[in-house]
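I have placed the structure first, in the form of structure tokens, so that the comments after it can refer back to it.
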Amino acid sequence: MLEATLKQGQLLKRIIDSIKELINDANFDCNSSGISLQAMDTAHISLVHLLLRAEAFDPYRCDRTLSLGVNITNFNKILKCASNDDQVTLKANDEGDSISLAFESGKKERYSEFEVKLIEIEADQLGIPDTEYSVLVHMPSAELKRICSDMAILGDTVTITATKEGVKFSASGEIASGSITVRQDASADDEDDNTLIELNEPVSLTFALKYLNIFCKSASLSNRVALSLSKSSPLLVEFKFQENGHIRYYLAPKMENEGEENADDE
Amino acid sequence: MLEATLKQGQLLKRIIDSIKELINDANFDCNSSGISLQAMDTAHISLVHLLLRAEAFDPYRCDRTLSLGVNITNFNKILKCASNDDQVTLKANDEGDSISLAFESGKKERYSEFEVKLIEIEADQLGIPDTEYSVLVHMPSAELKRICSDMAILGDTVTITATKEGVKFSASGEIASGSITVRQDASADDEDDNTLIELNEPVSLTFALKYLNIFCKSASLSNRVALSLSKSSPLLVEFKFQENGHIRYYLAPKMENEGEENADDE
Amino acid sequence: MLEATLKQGQLLKRIIDSIKELINDANFDCNSSGISLQAMDTAHISLVHLLLRAEAFDPYRCDRTLSLGVNITNFNKILKCASNDDQVTLKANDEGDSISLAFESGKKERYSEFEVKLIEIEADQLGIPDTEYSVLVHMPSAELKRICSDMAILGDTVTITATKEGVKFSASGEIASGSITVRQDASADDEDDNTLIELNEPVSLTFALKYLNIFCKSASLSNRVALSLSKSSPLLVEFKFQENGHIRYYLAPKMENEGEENADDE
């Protein structure tokens, strides 16, 4: 059986809220080391991988591997009944057909319990190969969110070009063309505001803004985001929850000749 | 004639705003002791009873009984032109066909006057019998509002079960079933946050959430709400305005066997 | 060529945002003294005249007269990509077919550049005759905005009547009639809250609220607004940007006999 308590329900609320546009149904895979979820979006273009380590919970107990199929939209509705500060406890029996959520307010004067029905989902576990990335960018997540939202005003795709000068996001469309460049900057008063660029090799790749903008909903989960780019691999966008887990999004680049060639030129 | 001045228009603005979804037209019944309004909702399922005592106004003058028929939607639109801090004066002549509203800002540099046409409404005064209730719950109005809104995620009805353990609100539907339990708690730093339960006899009754959620719009009128339940009577939901009046909602329970039997079991 | 830098992009953002409902396309006329724009609304009922003096920019350079035709909706979308605190630089070549906007954040770690295509607009420059106005009202812009929004609840037009007693805005419609009166008041702690009325001759004129409410979007540009009224001239509504420019709206009165006669009576 699973029994896992989060001191602050807010983390789970935000996780589910940030992936609900991407995926309809998914399995929570629970074992002694924690809870994970891996799913492709409904259009099978991007992949999300969530990990919540056992250390994120207190207490955490999971005797044997459990795969709990959940409709994310419904799960999200129920989680909206938890306050950000509520303690959230997940419980499931080995042979049960439901997952139980209990929400407790700090002062214990309110106690809520919900039983959500589980669903059968075909396991579709995809191996994610370890990749050597050409460029690694650590930046404020709010900044990435804003850039992707601005670029979407211009067009459907953004070209991310990383060189020694910085990382340039560019897009063009009928009304205008434009670009936003971020530069290495490790001087901010608040470390979270720094932009750090590790460049092994210049790269220029084009991505669908629709997906990037959905990924950026996870900016509420972490002040920082890491972008990992490599010419022949999907983009990796990672938001870490302190030491206790992460949410990772993978998105294949658009196979436009233009994007490919630019990378070679520089 | 009627002449009644509220130092802070906010109270009247909120009252009208909170009943506008429930009733279209209603008579303001004015006499020397104050202004009252009693009406059934458009579907004739719930009853609202508003009382504003003469003491709420300064000055207040009403020589003889007046019944002023008002379209609540239109009255609400006009009240939106008053600032929360504006002094609001209501005036009506004995034989007039309109009610006048005057709004004055504290510093008197702005003065607004509106004449709203009165309408004829068939008087439909219903006697409300005095009832001995089995259970009386005093709780923060924001808490009730939130519980009713959470329960509406699960289904159309909520079962309120009051026992020695506390008051349990439960609902179930296709995606999940759930319950929220509030317990007696008189220890809050702020008295307004206390939950007080007076139990003569356990009771379990089922109500339409649609109406409860409309009633809870009045949570803006008072930090506290009182629920009075009895097996064979409508639920009474009361919001008091300090010492100067109240708004009371009555709602008949759903006649489901299930709800009835639970009450007997406990 | 034009090169003009605003230290705070917010001013340009708000200007364009406030005129975007009124006009679709317009020429920015640039010369050594600054940038101006003059256009009738799409229904040819009101006129907007914007002036940004060279002094508003630093640096400002415009060698020869340039007329830059811009689609306001698209220009507004691009400006939304600037933060309020971003430095905004406009650039255009004498023979170019685009205007360039560059946004720089204070700390320079982000740099955005956009190229917006110019469009051909038939020059339609209208002379605005100097007028001796009968009444000049200086008031808080938020107050005018609110009055126009309140009056629109009652009807489509507002009659503005200025007498020694003050300035009365009145409207009437199916649900009610009403009026709001503002009086001379030079006693406010904050000068911006004063209402100053210069009256040469009483006047009463009726205007379409739809346009007044659109003009009032410019209340975000200035705490103060000036209304200039005269019996036989369009109303002038002016918002000043400190010393560096203004936005002026002109609106012809409704030619209703009622409105005219009232003015004569007083």
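The values are calculated or read from the model by the stated rules, or taken from the named source; none is laboratory data. The model shown is predicted, which means the values in this text are computed figures rather than measured ones. Quick reminder, even Gly has a Cβ in these numbers, built from the backbone with ideal geometry, and neighbours come from all protein chains shown. For the accessible areas, the whole protein counts, side chains as well, though only heavy atoms, and no ligand, DNA or RNA atoms are used. Shrake-Rupley method; radii C 1.70, N 1.55, O 1.52, S 1.80 Å.
Assorted remarks:
- Spacing of the two label points (7 Å from each Cα toward its C-beta) at B:Glu132 and C:Asn84, in nm: 6.2 nm
- Percent of Cα-Cα distances greater than 23 Å, calculated over the stretch B:135-265: 27 percent
- Convex hull volume of the C-alpha atoms in the protein assembly as shown, normalised per residue: 209 Å³.
- Here the contact order of the stretch C:80-220, divided by its residue count and restricted to Cα pairs under 8 Å and six or more residues apart, works out to 20 percent.
- Restriction of the GluC sites (Glu not before Pro) in the stretch C:129-221 to DSSP coil positions whose beta-carbon has at most 16 other beta-carbons within 10 angstrom yields C:Glu132, C:Glu165, C:Glu174.
- Summing both sides, the accessible surface hidden between B and C at a 1.4 Å probe radius is close to 1500 Å².
- Among the residues of the stretch B:180-194, those with an accessible-area drop of 30 Å² or more from chain alone to full protein complex, heavy atoms and 1.4 Å probe, are B:Ile180, B:Thr181, B:Arg183, B:Asp185.
- Inter-chain Cβ neighbour count for A:114-122, averaged per residue, equals 3 (cutoff 10 Å, partner chain atoms only).
- Solvent-accessible area of the protein assembly as shown (1.4 angstrom probe, protein heavy atoms only): carbon and sulfur portion equals 42 percent.
- Chain A: DSSP helices with Cα axial extent of at least 15 Å and average Kyte-Doolittle hydropathy no lower than -1.0: A:141-154
- Sequence-separation-based contact order of chain A, relative, with Cα cut under 8 Å and 6+ spacing, percent: 20 percent
- Going by accessible surface with a 1.4 Å probe and the largest first, B:Leu236, A:Leu199 read A:Leu199, B:Leu236.
- Using a 7 Å Cα-to-Cβ projection, B:Asn31 label spacings across copies, nm, ascending: 7.8, 7.8
- Over chain B, accessible surface divided per residue gives 46 Å², non-protein components excluded, 1.4 Å probe.
- Ascending distances from the C:Ser187 label point to its copies in the other chains, with the point 7 Å along the Cα-to-beta-carbon line: 5.4, 5.5 nm.
- Of the trypsin sites (Lys or Arg not before Pro) in the stretch A:1-64, those whose Cβ has at most 11 other Cβ within 10 Å and which sit in DSSP loop: A:Arg64
- GluC sites (Glu not before Pro) restricted to the stretch C:47-112 and DSSP loop, no more than 16 other C-beta within 10 Å: C:Glu95
- Legend: residues in the stretch A:51-99 shielded by at least 30 square angstrom of accessible surface upon adding the remaining protein chains to the isolated chain (1.4 Å probe, heavy atoms) are A:Asn74, A:Lys77, A:Ile78, A:Cys81.
- Separation of the alpha carbons by more than 32 angstrom is noted, of A:Lys13/C:Lys117; C:Lys77/C:Lys231; C:Lys164/C:Lys217, for A:Lys13/C:Lys117; C:Lys77/C:Lys231.
- For the stretch C:144-196 versus the stretch B:27-74, the spacing of their alpha-carbon centroids is 30 Å.
- With the simple spin-label model, which puts each label point 7 Å out from Cα in the Cβ direction, the A:Ala252 to B:Ala43 separation comes to 5.0 nm.
- Peptide A:168-176 has a mean of 4 when you count, residue by residue, the C-beta atoms of other protein chains within 10 Å of its C-beta.
- The spread of Cα positions in chain C, taken along each principal axis and listed from longest to shortest, comes to 59, 43, 36 Å.
- At least 10 Å² accessible surface lost relative to isolated chain, residues of the stretch B:123-148 (1.4 Å probe): B:Glu143, B:Arg146
- Calculation over all alpha carbon pairs of the stretch C:2-117 in 10 angstrom steps from 0 returns a P(r) of 14, 48, 33, 5, 0 percent.
- Copies compared at C:Lys164 - label distances in nm, ascending, label defined 7 Å from Cα in the Cβ direction: 8.1, 8.1
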